[in-house]
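Coordinate-derived values only; no laboratory data. Treat the numbers as computed from the prediction; the structure is a model and nothing was measured. Cβ coordinates were reconstructed from backbone atoms using ideal geometry, including for glycine residues, and neighbour counts include every protein chain displayed.
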Amino acid sequence: MRKIIYSLIFSFIILLGIGVKEIRASEGIFELSSTTNEKYRCFAVSVLTPDNQYHIVVTCRNLIYPPDSDIYKYILWARSGKVTTRLGSLGVGKATFNTKDAFNQLFVTLEKNEKVNTPGLKMVMWGDLKRISFLDGSDNATIQPTQVAQQNQVVPTGTPLTTKDKLLIGLKRSGIIAGAALVGLIGLIFVVTRSRG
């Protein structure tokens, strides 16, 4: 009987673990700034689509065509640690790309050939992943103050929760649900075993 109870508890824990969603770090915005004396700038947004690919939309300003006398293409690359993924040519400064590889940096190199597999040495723009604060609810500009009658102080309402606070709330809620389900399961097993014996 103990084996059945332990196997049910173990199965419940595994099912609870499967339901936890993986946090994706590659969803966000990128502000690519020039690493040269030129005023190159690109803005990119990366969104995880339902087919588990990152869809990246890029728009650029101040690109020079051709960039150099023997260089013809601006190539966008994604990087996570030491892993670099070629996304493709920026064309005339507007482009979209898809990749399954997670990343937290984007950079642009000047290349003679659009089909290169590794980045050249001439990096002209670079930017790190930034979270989309509007979607996280941390846009402080939308918080409306409320008057406190006793002291005439302005106290913000709707103060956004930090990621840590959200995680703790989620863990508390899932812990309460898991605990209630576990107690219910043990009670059910107790009732079933008592009625047989």
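Here the Kirkwood formula, the inverse mean of 1/r across different C-alpha pairs, assigns the stretch 66-128 a hydrodynamic radius of 11.9 Å. Around T85, with a cut-off of 12 angstrom between Cβ atoms, what is the net charge of the other residues, counting Lys and Arg +1 and Asp and Glu -1? Here the charged neighbours net out to +3.
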